[in-house]
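Trainee: My questions will all concern the structure given below.
A short reminder: the numbers here are calculations on the coordinates, not readings from a lab. Model, not experiment: these values are computed from the prediction. All Cβ positions, glycine included, derive from the backbone under ideal geometry; neighbour counts span all protein chains shown.
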Amino acid sequence: MLARTYRQNGPLRREFYSKFNKDEKYFKGKLSELASNRIFRFFLPRSAVVMSNIVLPAGKNSVIEIDHIIISKTGIYIIEEKNWRGTYYCGPDSWYVMTGYNKFKPIKSPEKQHERHYRFFIKWMIKNGFGQYIDMVKPTLLLNRMEFYHSGYIKMNFYRFPFLLLFDIYDDYFTEKKRIPKEVIDKIAQKLAST
C-alpha cells in the first residue's frame, strides 16, 4: 500500500525550527509521532498523502505546528497527537491530570489548541484556493497512552491508537460521497510542502 509522503521544507518551517530548543521531552514526543507517521504511511493507500510537523502562519508573527496531515480521497485529517501518560479528566472547559487520589491539576486543553490549528488551517485552505474542500477537513486528536477518568466532553473525533483512526479513514471510503481528486490532493500537499 504505502501512502505517499511530502516533507515541508519552506522558509516558515526552517525559521520555526531554527529557534527551537530541542530537549529530551521534545525528542520523546517526536519519536512517538514518527511511529504514527510510519503506521499511517504503511497502511494507507497509495492515493493518500501523509505529512508530519507542518508549520503554518497563524496571524501576525505567529505560527502553528500540526503534528500530522493525512490527505485522502475522502477527507483531510489534521491530527494533534499527544503521548502523555497518566489519567485525565476532560471537563466542558478545561482538562485536568490526576495527581493523586481524587486530586487533579489543570492543564492546557489539546482540544482547544487543535481548534486553533483547525481555524488557521481553514484560512490557509481558502487563501490557497482550496476553499471548496473545507467541509472535508476533519480535526482529530490522537491521544496515545492516556487513561480517561472522564472524556465525555471531548467534542472532536479522538482516538487512543493510530490503527483506530485508520479504521475510520477506511470506513469513510465506503460512506463518504464527496471525493478529492488525486490532482487536488497533490496540489494541496505541494503547497503545504513549500509553505
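Trainee: What's the percent breakdown of Cα-Cα distances in the range 118-187 across 10 Å bins, shortest bin first?
Mentor: Going from the shortest bin to the longest, the percentages are 15, 39, 35, 10, 1.
Trainee: Then there's this: Counting other beta carbons within 10 Å of each Cβ, put E176, E80 in order, fewest first.
Mentor: Values: E176 14, E80 23.
Lowest to highest Cβ neighbour count: E176, E80.
Trainee: Still on this structure: To make sure I understand, if each residue's beta carbon is the centre and we count other beta carbons within 10 Å, what order do I169, I122 fall in, fewest to most? Walk me through the intermediate numbers first.
Mentor: Numbers: I169 20, I122 17.
Listed from fewest to most nearby Cβ atoms, that is I122, I169.
Trainee: Any number yet on Rg/Rh for the range 4-194, C-alpha, Kirkwood? Write out the running numbers ahead of the final one.
Mentor: On the way: Rg = 16.8 Å, Rh = 17.5 Å.
Over the Cα atoms of the range 4-194, Rg/Rh equals 0.96.
Trainee: Report the residue, chosen from I185, I126, I54, that carries the largest GNM mean-square fluctuation when the chain is represented by alpha-carbon nodes joined by springs under 10 Å.
Mentor: Top of the fluctuation ranking is I126.
Trainee: I want to make sure I understand the PRE zone here: with the label point 7 angstrom from the Cα of R160 toward its beta carbon, which residues in the range 60-94 have backbone N atoms less than 18 Å away?
Mentor: Residues 81-91 qualify, since their backbone N sits under 18 Å from the label point.
Trainee: Could you tell me which helices of the chain pass both thresholds, a Cα extent of 27 Å or more along their own axis and a mean Kyte-Doolittle hydropathy of at least -1.0, with helices taken as whole DSSP H runs?
Mentor: Length and hydropathy pass: 24-43.
Trainee: Would you mind checking K82/K105; K73/K178; K112/K177; K82/K138; K103/K155 for any pair whose Cα atoms are more than 20 angstrom apart? Write down the numbers at each step before the final one.
Mentor: Working: K82/K105 17 Å; K73/K178 8 Å; K112/K177 29 Å; K82/K138 17 Å; K103/K155 24 Å.
Table pairs above 20 Å Cα-Cα are K112/K177; K103/K155.
Trainee: Give me the distance in nm between label points sitting 7 Å out from Cα along the Cα-to-Cβ direction at K105 and D172, one decimal.
Mentor: 3.6
Trainee: Place a +1 charge on the Cβ of each Lys and Arg in the range 49-195 and a -1 charge on the Cβ of each Asp and Glu, then give the dipole magnitude about the Cα centre in debye, rounded to the nearest 20. List each step's numbers first, then the result.
Mentor: Working: 22 positive and 15 negative charges, 71 e Å.
Dipole about the Cα centre, nearest 20: 340 debye.
Trainee: Whose amide H sits under 5 Å from the amide H of N157, counting only residues 5 or more places off or on another chain, with H placed in the peptide plane?
Mentor: L141
Trainee: Express as a percent, rounded to the nearest 5, the fraction of DSSP beta bridges in the chain (both residues included) that run antiparallel. Please report the intermediate quantities before stating the final value.
Mentor: Details: 21 of 37 bridges.
Within the chain, antiparallel bridges account for around 55 percent of the total.
Trainee: Shifting gears a bit: Determine, for T5, T99, the number of other Cβ atoms within 10 Å of each Cβ, and report the residues in order from fewest to most. Intermediate values should be presented prior to the final figure.
Mentor: On the way: T5 16, T99 11.
Fewest to most other Cβ atoms nearby, the residues stand as T99, T5.
Trainee: Cut-off 10 angstrom, C-alpha nodes, Gaussian network model of the chain. Which of D172, D67, D93 fluctuates the most?
Mentor: Between D172, D67, D93, it is D93 that shows the largest mean-square fluctuation.
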